[in-house]
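The structure appears below as structure tokens.
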Amino acid sequence: KDFHAAAFPMITQDSLLGVVVVNRLSGPALRNEETTFLEGLASHAALSLQINRQVALKNWRYEQLSLVRSVSSQIANEVDLDKLAARVTRLIQQSFHFYYAALFTLDAEASHLHFRASADSRGRQTTEARFTVAVGQGIIGKAAETGHEILSPDVQHDPDFRPLPELPDTRAEFAIPFKVENRILGVLDVQSDRSEGFHENDLLVLRSLAD
């Protein structure tokens, strides 16, 4: 019957990071000085969490950029298109642990994209020309048609999504056209097995790799 409880939000930079909850099983309710102390504790905890999060994010960004440099250095001197496509998709999938990565190149008439290579999280590498994608068709085709990247955070609610039987777990897709000046050469397509599976830093990394 003497149970008392209080909750103090941990807020920093207008962001709620958590809540400090205090229970007193017996005795009087919290005094003003105790409340003031706990409010200060929650504020300090929020600041510490924010600092730790920023440090972790900074370190993660550095690791991602290091991987971009590593991938770029391994493909810079490859001049055979088929070998290049195979190496690019394999390195992107393995380095960044995406569910699937594929490369398509635009034909001379700019009407279709030809599949070049892919790699997935189960270690399968495919380089045989299995299919083409009409420009304007699906997420990949629209990226080629518009020349702009297309991010689909939840493909289950995207009418442009074209599922593949061998990729049953795709939940998000990011298609990036790669080009020289204004000439579109093809599309890099990356898929995740999680809805909202692409962090903004993932997008920055993939844009750098497409460039």
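One table, with the values for the structure above:
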{"quantity": "2 or more residues within 28 Å of LEU65 (Cβ to Cβ): qualifying strands (runs of 3 or more DSSP E) within the stretch 81-169", "calculated": "100-106, 112-120, 150-152"}
{"quantity": "Residue satisfying all of: in the stretch 25-43; within 44 Å of the chain's Cα centre (by Cα) and under 13 Å from ALA7 (Cβ atoms); most open to solvent (accessible area, probe 1.4 Å) among these", "calculated": "GLU39"}
{"quantity": "Any hit, the stretch 126-145, residues being among the polar types (S, T, N, Q) and loosely packed, with under 15 Cβ neighbours inside 10 Å", "calculated": "no"}
{"quantity": "ARG194 in a loop (DSSP other than H, G, I, E, B), charged (D, E, K, R) and within 27 Å of GLU109 (Cα to Cα)", "calculated": "no"}
{"quantity": "Matching residues in the stretch 1-24 - criterion: being among the charged types (D, E, K, R) and surrounded by 10 or more Cβ atoms within 10 Å (Cβ to Cβ)", "calculated": "ARG24"}
{"quantity": "When residues of the stretch 194-203 are limited to those that are open to solvent by 80 Å² or more (accessible area, probe 1.4 Å) and at pLDDT 90 or above, the one farthest from ILE150 (Cα to Cα)", "calculated": "ARG194"}
{"quantity": "Among (1) of a type in the set (D, E, K, R); (2) more than 14 Å from PHE98 (Cβ to Cβ); (3) modelled with pLDDT under 95; (4) surrounded by fewer than 21 Cβ atoms within 10 Å (Cβ to Cβ), the one test that ARG116 misses", "calculated": "(4)"}
{"quantity": "Extreme residue, surrounded by the most Cβ atoms within 10 Å (Cβ to Cβ), among residues of the stretch 44-98 that are out of contact with any helix residue (DSSP H, G or I) (no Cβ under 8 Å at 6 or more places or on another chain) and among the hydroxyl-bearing types (Ser, Thr, Tyr)", "calculated": "THR89"}
{"quantity": "Residue within the stretch 10-33 that is in a helix (DSSP H, G or I) and modelled with pLDDT of 85 or more present", "calculated": "yes"}
{"quantity": "Verdict on THR105 being within 21 Å of THR170 (Cα to Cα), surrounded by fewer than 21 Cβ atoms within 10 Å (Cβ to Cβ) and more than 21 Å from the chain's Cα centre (by Cα)", "calculated": "no"}
{"quantity": "Unmet requirement for LEU185, which otherwise passes all of (1) in contact with a helix residue (DSSP H, G or I) (Cβ under 9 Å, 6 or more places away or on another chain); (2) part of a strand (DSSP E or B)", "calculated": "(1)"}
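This table checks each residue for (1) surrounded by 15 or more Cβ atoms within 10 Å (Cβ to Cβ); (2) within 23 Å of ARG124 (Cβ to Cβ); (3) without any contact (Cβ under 8 Å) to a residue 60 or more places away in the chain.
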site	(1), (2), (3)
HIS148	no, no, yes
PHE174	yes, yes, yes
SER192	yes, yes, no
VAL205	yes, yes, no
LEU209	yes, yes, no
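The values are calculated or read from the model by the stated rules, or taken from the named source; none is laboratory data. Keep in mind the model is a prediction, meaning the values are calculated, not measured. Neighbour counts run over all protein chains shown; Cβ positions are idealised from the backbone, glycine included. Areas reflect the complete protein model, heavy atoms only, side chains present, ligands, DNA and RNA absent. Shrake-Rupley method; radii C 1.70, N 1.55, O 1.52, S 1.80 Å.
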